[in-house]
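Encoded as structure tokens, the structure appears first; notes follow it.
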Amino acid sequence: MKKVLIIFVLVLLTVFILLGGAFVLDWVLSNQGEQNRKVIAEDGVIVEGEELWEEFLQATYRQENAQITVSIGRKDSYNVMISYDGEVYRYYEEGIKKSLYESKYLLDLSGKPKGAKSKLRYIIFANEPYTFDEVAASILDENYDSDIDFYFVFK
């Protein structure tokens with residue numbers, strides 16, 4: 001009887017260790033995956049994590065609360081966090097608790113300005129729903145006389 005009890009306890013302990021080990025391994029792998037799943041932007045361009053950026057935008061278009069962290073640069077990088085509460089976008093930099101910028105719109109605009117050889121993409125905060133042409137003209141055309149106010153998300 002004592003042998004059966006010892007065997008039972010050993011089997012139970014083995015199952016517990018295997019299940020616990022599997023749980024720990026799953027937790028480590030899932031967290032490692034999350035750390036590797038981030039948006040990286042360099043020189044104002046998303047270079048990694050475009051699909052995460054699109055998921056974030058889609059959630060905000062549905063007016064769902066959402067947030068995303070973006071690493072600006074690969075070397076000597078710093079993180080920014082963008083949050084949306086269903087009405088307002090907020091921009092935070094690493095280590096600063098107060099939002100540095102708030103806006104009604106986060107615009108991800110693409111197009112080809114007149115005379116340009118390739119498409120451009122501007123990702124900006126604004127309180128008005130500007131078009132690509134308006135933003136491009138305000139940046140590229142020194143004679144553009146409309147005063148539009150926006151803030152680049154990735155500089």
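Only the coordinates and a few stated rules stand behind these numbers; no lab work does. Treat the numbers as computed from the prediction; the structure is a model and nothing was measured. Please note: Cβ atoms are built from the backbone with ideal geometry, for glycine as well, and neighbour counts cover all protein chains shown.
Ranked by how many other Cβ atoms sit within 10 Å of their own Cβ, fewest first, the residues Asp141, Asp43, Asp76 fall in the order Asp76, Asp43, Asp141. With R₀ set to 22 Å, the beta-carbon distance separating Ile96 from Glu48 gives a calculated FRET efficiency near 0.40.
Full extension from Gln58 to Tyr78: what is 0.36 nm times the residue separation minus their Cα-Cα distance, to one decimal in nm? Show your work: numbers first, answer last.
Details: separation 20, 0.36 × 20 = 7.20 nm, distance 2.47 nm.
Fully extending the segment from Gln58 to Tyr78 adds 4.7 nm.
Sorted from greatest to least, the principal axis extents spanned by the alpha carbons of region 39-152 come out as 39, 32, 25 Å. Run the Debye formula on the Cα coordinates of region 81-141, all scatterers equal and no solvent, and tell me log10 I(q)/I(0) at q = 0.27 1/Å. Taking Cα atoms of region 81-141 as identical point scatterers yields -1.06.
Relative contact order of region 39-152: 14 percent, from C-alpha pairs under 8 Å at least 6 residues apart in sequence.
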